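All remarks here apply to the structure that follows.
The values are calculated or read from the model by the stated rules, or taken from the named source; none is laboratory data. On a predicted model such as this, the values are computed, not experimentally measured, just so you know. Glycine gets a Cβ as well: all are built from the backbone with ideal geometry, and neighbour counts include every protein chain shown.
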Amino acid sequence: MTATKHFGTVCAATQPSATYTERRQQRIDWLLSNGLPPLPVAPNQDPHRYHKVVKASNTRGAHCPLTKDLQPIPLFTGKNPSFLDANGTLHLINHHVYQSRLPSKKELKRWFKNPDNGIGTLGSDRIKWIDLDSKQFASPEECDRSFQELLEQRPELKLTFLEKTQSGGFRIGVRVQKPLEFTNFSLSRGGDHVGECLGAGRFTVLSPTIGPTGKPYVNLNCPEKLLEIDEIDFIYPTKTKTSQPPTKPKKNVKISTVARPGSIPLEMLGHDDSQRVLNGEDVKGDRSDSLTTAISEWAGWFNWCNQNNIPVSGTVENLAHYAGEKLGIDGDRIDRILATIDLEQCHPAAHFRGGDEACWRKVRRLDRGSYDANCPDSIKEALSGGHPPNRGNNNGGNGGGGGGHNGDGFLPERNKWNSPESWNGELGYWTVVRRNKVNAETGEILDEKETIRVFVPKCNFDLEIERELSDGEGGGLVLQVKRSVDNKQRRVIIRSTERLTVKEFNLALTKAYRTGIICNLKTDQLNGLIQAKLIHYHDRGGKVFKLADRIGQQSDGTWVFSDRSLTDKGVATTEDETRTVYNPNLGYEDHISIPELVSPDSQALSKLVTAMHQFHGDSQIAPAIITLGWAVACLHFQKIIKVEKRFPLLNLFGDPGCGKTIMAENGLAIAGFLQGAGTFCKVTESALYEHLKLSGSLPLLWDDPDKSSWLDTLIQRLYNGKPRMVRGNSQTPHTSLMITSNHVIGDAKPATLSRILPLAIFPSTDGDKNAWDELVEAQKGASGALPELIGLGYPSEEIRALAKDLRPLLPHAHCRVADSIALVLHYATAVCRLAGFDERRIYDYVVGTVCKTANDADSASDSLTDFLDKISALHSQSVVGEWNIRLVTTRTGFEGLAVNMSSVWAKVDGTYKVPYSRKVIESQIAQAGGVLKSAQKFYRSEDEVKSYRRSLINGHNEGDDYVPPKPPEETTRKCVLIPLSLVKDFISSWRDDDSPPDGGGGNVPSPDPISPTDGGLVDDSVASYQDVDGNFSEKSNGEKTDEVTVSDNDSNPSYLFSEDTQSLEEEAVTTDEFPSETESENEVTDVDYGDVVTEIDQHMERLGWDIEKGQRYLVGKYGVRSRIKLSDRQLLEFLRDLKSMPTWRVGQTVLFQGLKVVIERFINDVVAVVRSSDNPKDKAFEAALVHLRISTT
């Protein structure tokens, strides 16, 4: 080999900093400069969706051809000239026209407008692409070694165009002076086939195309011009020419349509693929491969017919040149293809499938005379049904059963199954009919009888078994079904339990085929059909496959989707390699979302993050990427839950319209969920678990669930991946959830809060809403990053180390919180690295915001703390009070809270449905130094306490005849004593300054003990506090801020009010009942007293209040009759109350005045009767009536 010209400059296409489209454009420019046509390559597509279709002919309808494994032949392989246009529509390219010309600028612009398209070019007589195929080597390492040895032997090749293919092979481009006479080559004389040398008419894919495996073609060296050599003398042909090379026929060969008498046309013996090739159809996606397949078939039949004395017309060479011209292959190349085939060693496909019986069956159909004259009697008898055949027939027939091999290495005799046969695309049975002969010329019915065979159809379809399936529910079959009236077949999955009877089979097939199916078989006939097809399936090497039980990642780590499969490393694989079949019926009834994945794209993640940054802005990009990080972590859910036995849920919370749902949709997009897919709102527990069960490691979104205790309990189970058991049916979640809500999930339940990762979302202050279209487009292509993200794996040690670093920042949080944050942070920073975003910003956000929010003692609080918090809440609602909960002190100084657990626990558990038990609370009280068995005095009933407090608030004053209300009676109850040190933080909130504006709520002093009552103690070491108004007081039903006095003519009894504002009745309101405020207690300073009083007078005038009404209000709320005795804070509160009261309109005033007169007369009459009674208990009733009168005044 002599190198005559070369350039060693590396072109810009190898620069890693360039984007994919920039590198592709550089490759286009390089090809044009070398006189080579740049041609596009569309990404690999699902063959079940885009497959080849053979047009209808006179003898056969249009149909989809299949591979030997009964898979549709793909139309877009990711390696053939094709393209996606700007709208995403797929197109094929007739690349032969570009063998003699370069594409126009308009064509190039249209082809490469879509960024998903790859690039390739053609070879020629002088430009050769030498491909080393990694599949032909024992291992990828062996391929690498052979390539390096070739470069060492021929160092000049280091200076030419070199690339590594997406499958691990290598490509060398050279320009030669002397043409090459072969395609398949070896690296040594007589060696094994290791690759192809592609020349004229052959297409080759170039970098930076992303191949079907998800990996790109990588350029290793790109000179300015291809290396030019004299000849290629470092590779060798794999096959020698036959001893008698075929004679080259004349151009424009034509095949006679009239067969020689007594012979069978050779082209009619060939299988369907060979006949389609004869019509110019490229059945393999590669013209040379298609022609090679057809030649091998014709040569096989030629050899078999010669061995069995069957006369045939036509020659292999003539058929080869006729078909080659139809395919657009030049004559020299056809001769080279013929030279690579050992014609004498070829066998027909029918012989491989069914032996001599299958071949004789075809001869019988084409030429009965040749069959009768030459077929051995044993085969005739077997084919006629006289004896069981030695092999299963091709059409199902009456063969079947059996299995394995006998001692001679041959299949044993098969059992006879009552199986229907196939004819004209339908299943049925042949029957023999005796009838009168008919004169063919006159149509006259003759007396002479004849016997004919008539086909009786039973089904309007034919089928073949593509896969046999196995799973925990009995397995099933993948069928290729085609009705006789359809142009193409469909892939249908039938479970074994759906073919036990003809009715069940018919129903299942109709449902799966989704149109009308007719099946009039009997049960034994159906079973015979299935058995015969199964035997045929296993005879051709069929294996048992597993039926996917979920969408996405399976239990073995592989990923199975409708159009592709991936390994647990994210590498593209095939159904044959995974041995797992996608189940299109998964979630059909439950409307489970199906991902829509795009072709792998190394720039997909970068595009998404860039669009997110533009839309959400700097202010909200960090939580958006954290959300993306959680979604990536979810791709590894099954591995994480298996190792750690836990996985945190993500809760995006914030005001409506803050963008939290959009952030969640960004995460869903990487799994192929678009436009609401993967999202549910109103859902039952059963439906929710079904979604989680059928989705394998695919992130899902629950949008705005209702706040409930059921939700809190559900999250606790999902955190640990606990299954839901219903009547023996296990619903095990195989993925996790994001939850978007306006509130924090689990904010009232610490156990739930520590199992989620709450992320506060705020409206963006600097995002660009006009970038919405760019974000949507980026979401559509985001799943192109899925293989790369799956390849991240789960580095458990790295994440544990990160959690250890975060734990000191979370001293008050539960230990599991650091693990949750570390998990999401790890994958969020991985997203940043892959997308080229500053990962330090995300780390700082997590430390400065997420950890601070999560560092909440509530998330790690114990059950007792939660119990006390809920008691405090119930006390503020007057649900518990002095009748079942009181402050006490012992004579030795022990201070604590006495709780009657029987009544208080019922209120707490009934209201909140707490996850702990009463026994747990009592155990923690004892551990904290409390007393579990005590007996204390409590007020007798809730009604008595509330009535007494209302009497105190309203006040009673009638001079010397004033009778203060009697405190409620006490009774002894069993209780527990909780140390005061544990309850201080809770009872400190029960103070005046926390009371609502309407004056409700009691006045609770500080938790320091006050003087006990003089009553006797039930426990000699503990004293009870009896200050009803001061401790644990209930919300009063006294003066309301929205009630307005409309009459000045009060007719209250004289003992209630006095004009003397300094009377002794004012002193009856003791300091124990209305504690005075100290300077340290929320004191307000710098108040302009004069301005406040003036404003109060204005509002009293607006409301129609006189001085007496103002005094009654002050006594009812503050226990004083003059504003002078109010503190600054109370004075401002009084003003605020007046401002909040509405002004009555004139009509309302007249109405309420009339109503008031009626009520007052009734009350006065009742009071008169009560006052005449000598029973002291009637005084409390009188106070209640007076309170009712004041409320209507």
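Structure values in brief
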{"item": "Matching residues, region 102-133, being hydrophobic (A, V, I, L, M, F, W, C) and within 21 Å of Glu181 (Cα to Cα)", "result": "Leu122, Ile127, Trp129, Ile130, Leu132"}
{"item": "Of all residues in region 521-549 being of a type in the set (Lys, Arg) and surrounded by fewer than 18 Cβ atoms within 10 Å (Cβ to Cβ), the one that is farthest from the chain's Cα centre (by Cα)", "result": "Lys522"}
{"item": "Test for Ile821: is it out of contact with any Pro (no Cβ under 6 Å at 6 or more places or on another chain), of a type in the set (A, V, I, L, M, F, W, C) and surrounded by fewer than 24 Cβ atoms within 10 Å (Cβ to Cβ)", "result": "no"}
{"item": "Residue that is at pLDDT 90 or above, assigned to a strand (DSSP E or B) and within 20 Å of the chain's Cα centre (by Cα), where the choices are Gly552, Gly557, Gly570", "result": "Gly552"}
{"item": "Residue ID - surrounded by the fewest Cβ atoms within 10 Å (Cβ to Cβ), chosen from residues in region 648-659 that are touching a Pro at 6+ places or on another chain (Cβ under 9 Å) and farther than 17 Å from Val850 by Cβ", "result": "Gly657"}
{"item": "Residue in region 658-666 that is outside any helix (DSSP H, G or I) and in the same structural domain as Phe615 (by TED's automatic domain parsing) present", "result": "yes"}
{"item": "Members of region 496-512 found to be surrounded by 20 or more Cβ atoms within 10 Å (Cβ to Cβ) and not aliphatic (A, V, I, L, M), listed by number", "result": "Arg499, Phe505"}
{"item": "Conditions (1) within 22 Å of Gln731 (Cα to Cα); (2) of a type in the set (Phe, Trp, Tyr); (3) surrounded by 24 or more Cβ atoms within 10 Å (Cβ to Cβ); number of the one not met by Phe673", "result": "(1)"}
{"item": "Condition met for Val945 (outside any helix (DSSP H, G or I) and farther than 20 Å from Leu980 by Cα)", "result": "no"}
{"item": "Residue list for region 483-513, restricted to those being within 14 Å of Phe461 (Cα to Cα) and of a type outside the set (A, V, I, L, M, F, W, C)", "result": "Arg483, Ser484, Asp486, Asn487, Lys488, Gln489, Arg490, Arg491, Asn506, Thr510, Tyr513"}
{"item": "Test: Leu411 is at pLDDT 80 or above and out of contact with any strand residue (DSSP E or B) (no Cβ under 6 Å at 6 or more places or on another chain)", "result": "no"}
{"item": "Checking Leu469 against (1) over 20 Å from Asn418 (Cα atoms); (2) surrounded by fewer than 17 Cβ atoms within 10 Å (Cβ to Cβ); (3) not hydroxyl-bearing (Ser, Thr, Tyr), the condition it does not meet", "result": "(2)"}
{"item": "Answer residue from region 416-452, given it is assigned to a loop (DSSP other than H, G, I, E, B) and under 19 Å from Val481 (Cβ atoms) and is modelled with the highest pLDDT among those", "result": "Pro420"}
{"item": "Residues satisfying the stated conditions in region 788-803, i.e. assigned to a helix (DSSP H, G or I) and either within 26 Å of the chain's Cα centre (by Cα) or touching a residue at least 12 places away in the same chain (Cβ under 8 Å) (or both)", "result": "Glu788, Leu789, Ile790, Ser796, Glu798, Ile799, Arg800, Leu802, Ala803"}
{"item": "Enumeration of residues in region 754-787 that are among the basic types (Lys, Arg) and in a loop (DSSP other than H, G, I, E, B)", "result": "Arg755"}
{"item": "The lone exception for Phe837 - which of (1) modelled with pLDDT of 90 or more; (2) in a loop (DSSP other than H, G, I, E, B); (3) surrounded by fewer than 19 Cβ atoms within 10 Å (Cβ to Cβ) it fails", "result": "(3)"}
{"item": "Helices (runs of 4 or more DSSP H) wholly inside region 1073-1170 containing at least 2 residues that are closer than 25 Å to Pro964 by Cβ, modelled with pLDDT of 70 or more and outside the structural domain of Ser951 (by TED's automatic domain parsing)", "result": "none"}
{"item": "Only one of Ser686, Ser695, Ser709 that is among the hydroxyl-bearing types (Ser, Thr, Tyr) and in contact with a helix residue (DSSP H, G or I) (Cβ under 8 Å, 6 or more places away or on another chain)", "result": "Ser709"}
{"item": "Scan of region 483-510 for residues that are within 23 Å of Leu66 (Cβ to Cβ) and touching an Asp or Glu at 6+ places or on another chain (Cβ under 6 Å), ordered by number", "result": "Ser484, Ala508"}
{"item": "Those residues of region 304-353 which are over 23 Å from Ala373 (Cα atoms) and within 50 Å of the chain's Cα centre (by Cα), in sequence order", "result": "Ala323, Gly324, Lys326, Leu327, Gly328, Ile329, Ile337, Ala349, Phe352, Arg353"}
{"item": "Single residue of region 962-996 satisfying the filter (modelled with pLDDT of 80 or more and basic (Lys, Arg)) that is nearest to Ala926 (Cα to Cα)", "result": "Lys974"}
{"item": "Spans of helices (runs of 4 or more DSSP H) in region 289-366 with at least 1 residues polar (S, T, N, Q) and crowded, with 18+ Cβ neighbours inside 10 Å", "result": "316-327"}
